[in-house]
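Quick notes on the structure that follows.
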Amino acid sequence: MVERNEKGKQARQYFIECERKALEAVSPVEILNDPSAMRGLLLNYTEKVIALKHTVDDMKPQVEALTRVSHQ
């Protein structure tokens with residue numbers, strides 16, 4: 001990727017970082033055998049689920065209102 005401006009440089013750095021992470025990726029078997037890695041993975045997904053539940057709760061009044069309007 002050619003860097004002819006700041007955005008090009010940022011894009012190139014982004015893809016270099018993605019490649020670095022991909023090369024360092026741990027195999028699923030290693031994660032399953034490492035309790036601390038599993039705990040970190042589960043905590044990460046738990047945080048995502050909690051955030052999504054908050055989003056659903058926040059949107060519930062809007063969804064109910066739109067449902068009432070659409071059924072008239």
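Just the projected area, averaged over all directions, of the convex hull on the alpha carbon atoms of the chain: how many nm²?
9.5 nm²
I need K9, K60 ordered by Cβ neighbour count within 10 Å, fewest first. Write down the numbers at each step before the final one.
Working: K9 13, K60 10.
Neighbour counts put them in this order, fewest first: K60, K9.
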Any idea what the dipole of the chain comes to, in debye rounded to 20, about its Cα centre with Lys/Arg Cβ at +1 and Asp/Glu Cβ at -1?
240 debye
Using alpha-carbon coordinates, inclination of helix 35-70 to the longest axis of the chain, degrees
30 degrees
Count the lysine pairs in the chain whose Cα atoms sit under 27 Å apart, keeping only pairs 8 or more residues apart in sequence or on different chains.
4
Listed residue (P28, I50, P61) projecting farthest to the positive dipole end of the chain, Cβ model
P61
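Quick note: the coordinates plus some simple rules give every number you see, no bench work behind them. What you are looking at is a predicted structure, and each value in this text was computed from that prediction instead of being measured. Quick reminder, even Gly has a Cβ in these numbers, built from the backbone with ideal geometry, and neighbours come from all protein chains shown.
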